[in-house]
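The values are calculated or read from the model by the stated rules, or taken from the named source; none is laboratory data. Since the structure is predicted, the reported quantities are computational estimates derived from the model, not experimental observations. Here Cβ is always computed from backbone atoms with ideal geometry, including for glycine, and neighbour counts include all displayed protein chains. Surface accessibility is based on the protein's heavy atoms, side chains included, excluding ligands, DNA and RNA. Shrake-Rupley method; radii C 1.70, N 1.55, O 1.52, S 1.80 Å.
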Amino acid sequence: MEQQTLFGGNDTRPLADRLRPQTLDEFAGQKHLLGEGKVLRRLIEQDLITSMIFWGPPGVGKTTLARIIAGRTKATFIDFSAVTSGIKEIRTVMQQAEDNRRFGEKTIVFVDEIHRFNKAQQDAFLPFVEKGSIILIGATTENPSFEVNGALLSRCKVFVLQALAADDLVCLLSRALRDEHGFGGQTVDISEDMLAMIANFANGDARTALSTLEMVVLNGETDGGTVTVTPETLEQCISKKSLLYDKTGEEHYNLISALHKSMRNSDPDAAVYWLARMLEAGEDPLYIARRVLRFASEDVGLADSRALEVCVAAYQACHFIGMPECSVHLTHAVVYVSMAPKSNALYMAYESAKKDALTMLAEPVPLVIRNAPTRLMKELEYGKGYQYAHDTEEKLTNMQCLPDSLEGRVYYRPTGQGLEAKYKTRLEQIKEWKRRRRKS
């Protein structure tokens, strides 16, 4: 005998699965794609699907959209998992699609978590997409620019699905309380404020929101057929929220970008927050220390050379003692460079010089500063006319050190920020001294 469940039936599937939308009208969020008259909605309703990639965070409906398409299309729909499938399975599916094409039938292949496929596996799809044997729909939580082969990506339209708004999630939770596939068969006493708390906790993820609602209802207090969800129950179910972070995915780069730009904007509070977000999510402190060390010269530079020393020391501290103790050393460095005067003159100098170095590859080293370790080289006038700066009273010479084609080129342009103002004055004095000597 099958045991009856809390939901009044034998369906033991998770709430999120039981409430999976079957139509576009039931679909929550993504109005920018699925609102009336929007391009993706028209493609689905008219069964004119082309190869596409659904990119978005977990729990926003990527797989659900694919299943809605499967229910509406006249094409053969093949559901394919990147987690459990390899090259052999891909070839089998592609052969099936090729056979369908010969009989005039379209085949839509949905690949969930397409970012899990390696290059060879992704390449296996390419010829079939190119000749129209299949229409490929991929779903990924990772930036397809990084995770999908360029050739395959260029043949797919990328649709960006956004995290659901809190209001969308509250509506979804309310529907779960009314729907017969959810808790519609019983009385659940839960306040609107609690639903809002669950929605905020879910951070745009419908699956998390529904799973949390299911947990709090199952752990609610039952009295006379009514399940009451108390603040204490809710607090216990959402007391520990895992941080949204993937050390190899796009969010990794978003957070380090946020840290870098907060430091550049001289905002120590924001910088320390983003630092804490990464460290508490498990980021390697040495990775952060390397990026802060780069920042010390790229964005502070000679405006405060002490910044480089502080950041080197912080890196060494991270190496010596690790987490959690080194968090304060990283905070030291992050706050220091956030507050330091800013100059990107060193970065701009190198980038400008790099451009010339890459486009003017054969410029000869001036003879005057060439090395002359052999008699032949001396006979060829290597090093002839070299002036040893230390032999002069000013420790300066007017010797030309750039190739003739680059004479007069300026790469380093110091700013007036912080201590760099002193170096700017010094450089102006040097250039003026050289100009006077060349005229005389």
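Points to keep in mind about this one:
- For the range 247-268, the condition holds for no residue, the condition being that it is modelled with pLDDT under 85, of a type in the set (A, V, I, L, M, F, W, C) and either on the phi < 0 side of the Ramachandran plot or buried (at least 17 other Cβ atoms within 10 Å of the Cβ) (or both).
- Number of the condition not met by residue 274 [criteria: (1) surrounded by fewer than 17 Cβ atoms within 10 Å (Cβ to Cβ); (2) at pLDDT 85 or above; (3) more than 30 Å from residue 213 (Cβ to Cβ)]: (1)
- For the range 129-186, a residue qualifies if it is modelled with pLDDT of 85 or more, open to solvent by 50 Å² or more (accessible area, probe 1.4 Å) and touching a helix residue (DSSP H, G or I) at 6+ places or on another chain (Cβ under 6 Å), and exactly one does: 155.
- Pick from the range 325-341, criterion outside any helix (DSSP H, G or I) and in contact (Cβ under 8 Å) with a residue 40 or more places away in the chain, ranking: nearest to residue 277 (Cα to Cα): 326
- Options 310, 335: the member that is under 30 Å from residue 420 (Cβ atoms) and open to solvent by less than 20 Å² (accessible area, probe 1.4 Å): 310
- Test: residue in the range 51-59 that is in a helix (DSSP H, G or I) and in contact (Cβ under 8 Å) with a residue 24 or more places away in the chain: no
- Options 16, 70; residue that is assigned to a helix (DSSP H, G or I) and either crowded, with 17+ Cβ neighbours inside 10 Å or at pLDDT below 80 (or both): 16
- Condition check for residue 374: within 30 Å of residue 421 (Cα to Cα), among the β-branched types (Val, Ile, Thr), open to solvent by less than 90 Å² (accessible area, probe 1.4 Å) and out of contact with any His (no Cβ under 8 Å at 6 or more places or on another chain): no
- Looking only at residues of the range 354-375 that are out of contact with any Ser or Thr (no Cβ under 8 Å at 6 or more places or on another chain) and of a type in the set (D, E, K, R), we find that the one that is nearest to residue 399 (Cα to Cα) is 370.
- Those residues of the range 40-67 which are surrounded by 13 or more Cβ atoms within 10 Å (Cβ to Cβ) and of a type in the set (A, V, I, L, M, F, W, C), in sequence order: 40, 43, 44, 49, 52, 53, 54, 55, 60, 65, 66
- Residue check, residue 204 at positive phi and not polar (S, T, N, Q): yes
- In the range 208-225, residue farthest from residue 14 (Cα to Cα) [restricted to those that are in contact (Cβ under 8 Å) with a residue 40 or more places away in the chain and surrounded by fewer than 20 Cβ atoms within 10 Å (Cβ to Cβ)]: 218
- For residue 389, the conditions (1) under 49 Å from the mean Cα position of the chain (by Cα); (2) closer than 25 Å to residue 437 by Cα are fulfilled apart from (1).
- For the range 376-430, the candidate set comprises residues that are basic (Lys, Arg) and in contact (Cβ under 8 Å) with a residue 40 or more places away in the chain; within that set, the residue that is farthest from residue 307 (Cα to Cα) is 409.
- Comparison of 362, 349, 317 shows that the only residue that is over 29 Å from residue 421 (Cβ atoms), small (Gly, Ala, Ser) and at pLDDT 90 or above is 317.
- Flag if residue 293 is in contact (Cβ under 8 Å) with a residue 60 or more places away in the chain, aliphatic (A, V, I, L, M), closer than 30 Å to residue 276 by Cβ and in a helix (DSSP H, G or I): no
- Scanning the range 420-440 for residues that are in contact with a helix residue (DSSP H, G or I) (Cβ under 9 Å, 6 or more places away or on another chain) and open to solvent by 90 Å² or more (accessible area, probe 1.4 Å) yields one hit, 422.
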